[in-house]
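Trainee: Below is the structure I would like to discuss, written out as structure tokens.
The values are calculated or read from the model by the stated rules, or taken from the named source; none is laboratory data. Everything quoted here is computed from the prediction, not taken from an experiment. Counting neighbours? That spans all protein chains shown, and the Cβs are built from the backbone with ideal geometry, glycine included. What goes into the accessible areas is simple: the full protein's heavy atoms, side chains included, and nothing from ligands, DNA or RNA. Shrake-Rupley method; radii C 1.70, N 1.55, O 1.52, S 1.80 Å.
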Amino acid sequence: MSGQSFILQEHDKQLHFAAGRMAGAFGYYWSYHKQQNKTKAIITGICTSLLAGVAKEVYDNSQGGIFDKRDILATGMGGVFVTFTIPLFQKKNR
């Protein structure tokens, strides 16, 4: 890894990570309240964050920007982080 930095050390990637957390949390809560299934909610949250990342990059590309796969990765990482964290703080159903 000589000469490479961790992806989340870049400010832009930190913003994508934060956006991924928000999109992932939205997807998780929407799915959980609809289906009451944590596994499906986790999958939905991750997919929502990845979809948000891809949509942002497609938009950037259409505006003359660069399609950056690392931005999608950072957004997805935020979604994974939040969707695996939320269940730790949820009350258990009995």
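Trainee: What tally of residues in region 38-94 results from selecting those that are touching a residue at least 60 places away in the same chain (Cβ under 8 Å), open to solvent by 40 Å² or more (accessible area, probe 1.4 Å) and over 12 Å from the mean Cα position of the chain (by Cα)?
Mentor: Of the residues in that region, 1 qualify.
Trainee: Among the residues of region 66-74, is any out of contact with any helix residue (DSSP H, G or I) (no Cβ under 7 Å at 6 or more places or on another chain) and not aliphatic (A, V, I, L, M)?
Mentor: Within region 66-74, one or more residues are out of contact with any helix residue (DSSP H, G or I) (no Cβ under 7 Å at 6 or more places or on another chain) and not aliphatic (A, V, I, L, M).
Trainee: Yes or no: L8 closer than 27 Å to Q90 by Cβ, under 11 Å from the mean Cα position of the chain (by Cα) and touching a residue at least 24 places away in the same chain (Cβ under 8 Å)?
Mentor: In short, no.
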